[in-house]
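**Q** A single structure is presented below for examination.
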Amino acid sequence: MNPIRSHWRLLVAAVTAAAAGFFLMSLPAPQQVSAQPRTPEPDLLAAQAAAGDPDAPGPMQPIPFSHAWHAGKYEIECLYCHTGTDRSQAAGVPSVELCMGCHSQFQYGNDEEGNTLEPEGIQVLKQYWENKEPIPWQQIHRLPEHVQFRHNRHVAAGVECQTCHGPVETMDKLYLTEDTVWWPWLLPSKKLEMGWCIQCHRENEASQDCLLCHY
C-alpha cells in the first residue's frame, strides 16, 4: 500500500475522532429521569380526583385515569395507548405493560412521615402489574351485538376519534357525550343509534348498504 495514502487515511481518522469527541463533550449531560425523586404536581392530583369523582358522568373505573391529563396536557396520541386501532376492527385498551412502560420511569419521594407521595392511581396501576392482572376497565361506548363496527376503516377514512368519543382530551372522567341529529322529518337520533351513524355516512358520502354493518 502507498505509505503516503496510508498516512493520509490515519490523519483523516484521527481528525474525525477528535471532532466527534469535542462534539460529544459539548452535549448536555443526559437527565436521569428515574433517579430523581419527584412530588406529584397539584394539577395531576386535581385531574385524578376529577377522574375518580363518583358524581361526575360516566362509570367509575378501577383506576382514576384522566384523558385530559394524558391526551390533553401531554398530547399523547390515541393510537399510542390504543395500539392497533388503525389495523383492527376493535379498538381495545392499553395493556398494563404499556402503561408501566411510562410510569416505571418516575420515582416519587416520601413525606416527612415516610409515606409515599406517589399518586393513588399510579399505586393501583403498579399493584395490577405486580399481581400480573389485567385492568378491568368498564366499557363506555358499546354497540349492539348485531352491529359490526370496524375502527380501522374509520381511522383510514380520516374520521377523528372525537367524532364518536367526544373531546376526550378535555375530559378527566370519560363518559358517553350527548349528540342528537335530526332527520328531515324531525326524527331525532342519539349518538351511536343507527340513525346517528347513517346521518354521518350521508354527510360524508359513505355507503349506506345494510350489509356494511349487519353481516
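**Q** Please count how many residues of region 178-197 are in contact with a Lys or Arg (Cβ under 7 Å, 6 or more places away or on another chain) and either assigned to a loop (DSSP other than H, G, I, E, B) or surrounded by 12 or more Cβ atoms within 10 Å (Cβ to Cβ) (or both). Explain how you work it out, then say what you get.
**A** To start, the set of residues in region 178-197 that are in contact with a Lys or Arg (Cβ under 7 Å, 6 or more places away or on another chain) comprises 178-180, 196.
Right, trim to either assigned to a loop (DSSP other than H, G, I, E, B) or surrounded by 12 or more Cβ atoms within 10 Å (Cβ to Cβ) (or both) and you get 178-179, 196.
Qualifying residue count for the region: 3.
**Q** Please work out which one of (1) over 20 Å from LYS126 (Cβ atoms); (2) assigned to a loop (DSSP other than H, G, I, E, B); (3) without any contact (Cβ under 8 Å) to a residue 40 or more places away in the chain; (4) not small (Gly, Ala, Ser) is the condition ASP43 fails and give its number.
**A** (2)
**Q** Could you please give the count of residues in region 113-166 that are assigned by TED's automatic domain parsing to the domain that holds HIS82, among the small types (Gly, Ala, Ser) and in contact (Cβ under 8 Å) with a residue 60 or more places away in the chain?
**A** Number of matching residues: 1.
The values are calculated or read from the model by the stated rules, or taken from the named source; none is laboratory data. Predicted model, so just to flag it, every value in this text is computed and none were measured. When we count neighbours, we look across all protein chains shown, and the Cβ atoms used for this are built from the backbone with ideal geometry, even at glycine.
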